[in-house]
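Okay, structure first, notes after.
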Amino acid sequence: MKIIYGIIIILLIILLGACALKAKNKKGNLARIVFLYETGAVLFGITFMIFTFSNNIKVVTFCRGLMFAGYDWLLILLMYYTQYYTGLFDEVRIIKEAMVIYGMFDTVLLFSNIWTGQLFSFEFITDAELHLRFTDSIFVKIHFIYNFAVVLLLLVSYIFMIMKSSKFYRIRYEVIFASLFIAAVSDIIFFKSNSVYDISVVAFGLMSVLIYYFTLSYVPEELIENTLSLVIKDMNSGIICFDNRGKCIHCNDYIKKVFSLCDEYSELETGYHRWLEEIADKRENNIKYSAVKVVDGESKNYDVIYKRIFDDKNNFICDYFIFNDKTEDIKSIEIEKYKASHDSLTGLYNKEYFYRHVHEIVNKNSGIQYCILCSNIKDFKFINELFGLKKGDEVLVKVGEFFNKYLEDDSICARIENDRFALCMPKEKFNEKAIISRLNEFQKQFDNNAFRMHVFIGVYDIENLDDPVSIMCDKANIAGDTIKNDYHSSIAYYNNAMLENSIEERRIIGEFERALNNEEFVMYLQPQVDFKGIARGAEALVRWRHPVKGLLSPAVFVDVLEKAGLIYKIDKYMWEKAAAKLKEWKELGKEQYHISVNISTKDFYLVDVYETFVDIVERNGINPEKLKLEITETTIMDNFERNIKIIKRLQDYGFKIEIDDFGSGYSSLNMLKDISADILKIDMGFLNATENELKGQDILESIIFLAQKLGMEVITEGVETSQQLTMLIQMGCRMFQGYYFSRPIPEEEFEKKYNTVTSKMI
């Protein structure tokens, strides 16, 4: 009997050791506590084996003391386990702390009992019986009260969890409760007998095994089935299962919606058998394919996965299909593809796609001559500044629609940058007259008193198919930029000379800021002379004293700066120079001289003209009448109402306004009645066109008379011969400017040459 009992204990120890090892390999606080508990149970079992099979009183006494202490610590570990397993006692730390303190105290007493016998002793030991005698010590009573109180608390805890838990988890708590109750009862029974065969130890051991199993291994099959059923029912994928006879045994609600099913699955079974016939029953596990179904009137794209299930003997059980809705994924991919190749504002292709696709089509159709058209909108940023970004976007959309009208199968249109659009088309389909006609009509819808639309187009005939498309577009843009400031032109064609000019322009722009900071720009003065030949003042003209190229005329850089939007900087620079010179002359007592400075179109947009000039004359302490302001007809007409208001404010302050290049505009006479200018400068081109024509002379004389009648002073510029001068004097003109008197000369030369009021020019 004792041998059989020993074998049972050994097997139990081995089983507990296996549980401890498995728990050690798992993660989490609960697994660590289970490991410690199982390890403690193993040590307790080993101690119990020695206690059972030893006949030495001292050894038995020692082992029994260890067992009593082991009960204390196993209960502590069981309490910690219960805390984590049930969620109880999380906030009641004092219970666990008190148990640990008592366990340490009781362990010391039990160890000392070996020598003192103050708690218990053995009267005698046989193979089948042992007689244990406890003393009347208060500590013995506390020990048993403590143990049974803890066991009772644990039992109550599990009863509570049984009552509140779901049926899927209730069995765990029921089994642990039952095993703990049996172990506790058997322990009580053991103390009533003197038998060596302590059944309570076996019960506690089995309880420990069950704790491991139900904590770390057991998963209720019913729970799995119900969970899977709920997951399959509510999942966003469709599931269809067929048995080995081709009968549909399950499909979730998702599939019912896709196939518009109720509870009849015959349609699915028919489709399944048809599918088997199509693949000739050559089924392989994990087949993937795509399918399209119309659900609620919307076409849906599905990824379908087919799988087969076999039992452990490789017998076929069933087939199942998984339907994953990829409609939104496909839409997202298509959207991303669209975004990657299209401009978000206009819906046209973007630059990257245009470059790539143009290269493909011109090389694919090498026998066809293609051309690239690149457009730009003059001063587009002023649209945003004047009317707002929303209006600017509307303009871009309409420009995109304009170019999109010319698209054919072998053409492509794109927005490549800001207000720049590009069109690649066969040269034979390019109709310049038709485009210009439509472009003129298109531009009219945007023209008003505040802004005049000018869309200009550069055309490049593709010659080298291996050139990057970006270079092709650059060449087309270079051509377009040559007519940027010409409202009468809409299309320009690229040639090699334009490239050289473009390079030079970029060099000028690149050097501009440095030159401005180094004061390489200097003021030249061209005298303005009265009919008596006396210099009354001068027009300020800019020159660039380049450190390498020497003195550069305005023709080299002014137009470049104009196109680049930098002209206002050089204008402000010249205004300051002129004002400083007038201040110097005033201090020298030469206030009779004036200086005329030019105001360009861009200045009215980029500079607060009124505030700037007021600030300049006040800082320098000069008479505003001496700083005369020259404005061209085209400058005024560019934004007529706004500019007229600014001019009127300047006149009210004391500035004299000169209308420069009169006759070069398209509405000169209309302008005279709307503008109350102080001085009219007749354009040289007008003079040359009328010099030898009697009718032209009459017109010129009438203009001079009209201007004087309107209270305006007249200056004729570009006078080069004595005959011209004589004719103009006879017509009534009293002020002149031109090479006949002097070319533009440096300030120093002007001052040296015309240092007195009486200096004659003739």
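Worth pointing out:
- Top-ranked residue in region 39-52 [being touching a residue at least 24 places away in the same chain (Cβ under 8 Å) and closer than 26 Å to Lys141 by Cβ; ranked as farthest from the chain's Cα centre (by Cα)]: Phe48
- Selection within region 23-47: residues that are among the charged types (D, E, K, R) and out of contact with any Leu (no Cβ under 7 Å at 6 or more places or on another chain). The member of this set that is modelled with the lowest pLDDT is Lys27.
- The residues of region 616-648 that are in a strand (DSSP E or B) and basic (Lys, Arg) amount to a single one, Lys628.
- Restricting region 657-709 to residues that are hydroxyl-bearing (Ser, Thr, Tyr) and at pLDDT below 80, the residue that is nearest to Phe613 (Cα to Cα): Ser676
- Enumeration of residues in region 256-270 that are surrounded by 14 or more Cβ atoms within 10 Å (Cβ to Cβ) and in a helix (DSSP H, G or I): Lys256, Val258, Leu268, Glu269
- Residue check, Ile762 surrounded by 12 or more Cβ atoms within 10 Å (Cβ to Cβ), outside the structural domain of Leu588 (by TED's automatic domain parsing) and either at pLDDT 85 or above or under 30 Å from Gly589 (Cβ atoms) (or both): yes
- Scanning region 515-536 for residues that are on the phi > 0 side of the Ramachandran plot and in contact (Cβ under 8 Å) with a residue 24 or more places away in the chain yields one hit, Gly533.
- Among the residues making up region 597-615, those that are in a helix (DSSP H, G or I), out of contact with any Pro (no Cβ under 9 Å at 6 or more places or on another chain) and either of a type outside the set (Val, Ile, Thr) or under 27 Å from Gln737 (Cα atoms) (or both) are Thr601, Lys602, Asp603, Phe604, Tyr605, Leu606, Val609, Tyr610, Glu611, Asp615.
- All told, Asp571 meets the bar of being in the same structural domain as Gln730 (by TED's automatic domain parsing), in a helix (DSSP H, G or I) and either touching a Ser or Thr at 6+ places or on another chain (Cβ under 7 Å) or aliphatic (A, V, I, L, M) (or both).
- Residue satisfying all of: in region 730-759; touching a helix residue (DSSP H, G or I) at 6+ places or on another chain (Cβ under 8 Å), farther than 24 Å from Phe521 by Cβ and not aromatic (Phe, Trp, Tyr); modelled with the lowest pLDDT among these: Ser759
- Top-ranked residue of region 187-228 - restricted to ones that are among the polar types (S, T, N, Q) and within 14 Å of Leu12 (Cβ to Cβ), ranked as modelled with the lowest pLDDT: Ser200
- Scan of region 583-596 for residues that are surrounded by 15 or more Cβ atoms within 10 Å (Cβ to Cβ) and either assigned to a strand (DSSP E or B) or out of contact with any strand residue (DSSP E or B) (no Cβ under 6 Å at 6 or more places or on another chain) (or both), ordered by number: Lys583, Trp585, Lys586, Lys590, His594, Ile595, Ser596
- Lone qualifier among Ile171, Ile145 - being in a helix (DSSP H, G or I), in the same structural domain as Thr82 (by TED's automatic domain parsing) and at pLDDT 85 or above: Ile145
- The number of residues in region 53-94 that are of a type outside the set (Asp, Glu), under 60 Å from the mean Cα position of the chain (by Cα) and exposed (fewer than 13 other Cβ atoms within 10 Å of the Cβ) comes to 4.
- Spans of strands (runs of 3 or more DSSP E) in region 352-447 with at least 2 residues polar (S, T, N, Q) and over 26 Å from the mean Cα position of the chain (by Cα): 370-377
- Residue count for region 457-473, restricted to those that are in contact (Cβ under 8 Å) with a residue 24 or more places away in the chain and of a type outside the set (Gly, Ala, Ser): 10
- Those residues of region 390-410 which are of a type in the set (A, V, I, L, M, F, W, C) and modelled with pLDDT of 85 or more, in sequence order: Val395, Leu396, Val397, Val399, Phe402
The values are calculated or read from the model by the stated rules, or taken from the named source; none is laboratory data. Just so we're clear, the structure is a prediction, and the values are computed from it rather than from any experiment. With ideal geometry, Cβ positions are generated from the backbone for all residues, glycine too; neighbour counts draw on all protein chains shown.
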